[in-house]
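Chemist: Before we start, here is the structure in question, set down as structure tokens.
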Amino acid sequence: MTSSPDEAQRLRDLARLRRVRDRIDREYAQPLDVEALARGANMSAGHLSREFKRAYGESPYAYLMTRRIERAMMLLRRGDLSVTEVCFAVGCQSLGTFSTRFTELVGVPPSTYRARTVQPAPEMPSCITKQVTRPIRKREAPAGEAQLA
């Protein structure tokens with residue numbers, strides 16, 4: 001069965017987008033921007049942003065920040081680092097931007113999350129803990145309501 005040239009190009013583009021997503025997952029704590037990601041995928045920044053959003057439902061920057069916030073949640077649950085230390089450990093350069101994005105995704109500021117969070121029961125597998133505590137994407141956290149029980 002043969003595919004059309006357009007279909008073959010679409011599949012190549014999807015493979016490049018997966019590599020970009022994988023790079024974000026691996027290097028979330030490194031200084032990454034859309035320009036650098038686009039260069040690595042041999043695409044323009046605008047084209048990468050449009051195609052990434054079409055494929056994954058959010059921009060590369062939003063995806064990167066979601067990964068950083070997920071990691072920050074884990075570090076804050078541990079309780080041995082301050083909010084500022086966590087901010088820089090996950091690759092954010094601005095405490096204000098980190099706190100704003102954290103609040104948008106999780107529903108509470110990082111300091112409140114850290115103060116309220118209790119380590120999960122030891123018998124809970126880490127894969128379940130990650131799923132239960134995963135931040136809400138696309139600014140869906142209810143305003144003023146904590147996501148913690």
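Any read-out appearing in this document is the output of simple, stated calculations on the displayed coordinates, not a laboratory observation. Values in this document were obtained by computation on a predicted structure and should not be read as measured data. Cβ coordinates were reconstructed from backbone atoms using ideal geometry, including for glycine residues, and neighbour counts include every protein chain displayed.
Chemist: If you place +1 on the Cβ of every Lys and Arg and -1 on the Cβ of every Asp and Glu, how big does the dipole about the Cα centre of segment 5-57 come out, in debye to the nearest 20?
Modeler: For this selection, approximately 80 debye.
Chemist: While we're looking at this one, here's another question. Of the listed peptides 97-110, 35-48, what is their order by residue-averaged count of other C-beta atoms within 10 Å, with the highest listed first?
Modeler: The peptides rank, most packed first, as 97-110, 35-48.
Chemist: I would also like to ask the following. Could you please state, rounded to a whole Å, how far the C-alpha centre of segment 79-120 is from the C-alpha centre of segment 19-78?
Modeler: 19 Å
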